1. Working only within the range 181-196, note down all residues that are touching a residue at least 60 places away in the same chain (Cβ under 8 Å) and touching a helix residue (DSSP H, G or I) at 6+ places or on another chain (Cβ under 7 Å).
2. When you go through 110, 133 one by one, which is the residue that is assigned to a helix (DSSP H, G or I), touching a residue at least 40 places away in the same chain (Cβ under 8 Å), polar (S, T, N, Q) and under 20 Å from residue 17 (Cα atoms)?
3. Any residue in the range 44-57 that is touching a residue at least 24 places away in the same chain (Cβ under 8 Å), in a helix (DSSP H, G or I) and in contact with a strand residue (DSSP E or B) (Cβ under 7 Å, 6 or more places away or on another chain)?
4. Have a look at 175, 185, 226, 231 and point out the one that is buried (at least 19 other Cβ atoms within 10 Å of the Cβ) and over 16 Å from the mean Cα position of the chain (by Cα).
5. Given 122, 79, which one is assigned to a loop (DSSP other than H, G, I, E, B), under 19 Å from residue 6 (Cβ atoms), touching a helix residue (DSSP H, G or I) at 6+ places or on another chain (Cβ under 8 Å) and not aromatic (Phe, Trp, Tyr)?
6. Give the residue that is surrounded by the most Cβ atoms within 10 Å (Cβ to Cβ), with candidates limited to residues of the range 197-218 that are in contact (Cβ under 8 Å) with a residue 24 or more places away in the chain and part of a helix (DSSP H, G or I).
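Every read-out reported here was derived from the displayed coordinates using simple, explicitly stated rules and does not represent laboratory data. Remember, predicted model here, so these are calculated numbers, not experimental data. We place every Cβ from the backbone using ideal geometry, glycine too, and count neighbours over all the protein chains shown.
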Amino acid sequence: MYITNNTILITGGTSGIGRALAEFFHQRGNQVIIAGRRQHLLDEITAAYPGMQGIQLDVTDPCAIDVFTARIQEQFPKLNILINNAGISRPEDLTADTIDVSVARSIIQTNILSVLHLTEALLPTLKRQPNSTIITTSSGLAFIPLAAFPTYCASKAFLHSWLQSLRFQLRETSVEVLELAPPYVQTELTGPDQKNDPHAMPLADYIAEVVQLLSKPTPPSGEILVKRVEVERWAE
């Protein structure tokens, strides 16, 4: 993957890892499009980074994804990097007398179905480019689940498996498929406390190491693993 002269779409681009990647790639001279639910954050970020584009998208709405992908294909025909980063995480108590299945449903819709939908809709555009890349954010918890977050961890394990199949099926095309598996990082994924948790990896440190890895030849597995997540990745 080249880290300059790209047209890059990043979902979940208004906070955390997505926003940090958007800022980095914009500073490297790429055309960056961020997608997110909150219009005020899209406006705030694009105002701070002239030339960056922001488009509102609720990834849980299949109709919205269809409208969004049609707009992307029309306005950005040279799109060559898709970063599937939108995701949510919620704890679930499966020992409770009453279990709210809507929590699991929302995680599956956001973390799995929206990724499949968006990727498959944009694949024709990506395959037309001489070199293109799909990066999808999974998690170290795909390999060692945290029991309090069962559906979240399972959703990331699903993505890991699905990406292996996608990578194999696209092996004869111009599209490389990468899995970005973060450790516990200082973002607000699970709430405000995570952003300041000293046990979490500082976001700036994580992005710096990821960028360094992306600048090197891609490993045969297609997995982008910082040192801190290796203990989870290979624990089995």
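1. 182, 185, 187, 188, 189
2. 110
3. Checked the range 44-57: at least one residue is touching a residue at least 24 places away in the same chain (Cβ under 8 Å), in a helix (DSSP H, G or I) and in contact with a strand residue (DSSP E or B) (Cβ under 7 Å, 6 or more places away or on another chain).
4. 175
5. Step by step, each of 122, 79 is checked, and only 79 is assigned to a loop (DSSP other than H, G, I, E, B), under 19 Å from residue 6 (Cβ atoms), touching a helix residue (DSSP H, G or I) at 6+ places or on another chain (Cβ under 8 Å) and not aromatic (Phe, Trp, Tyr).
6. Selected residue: 206.
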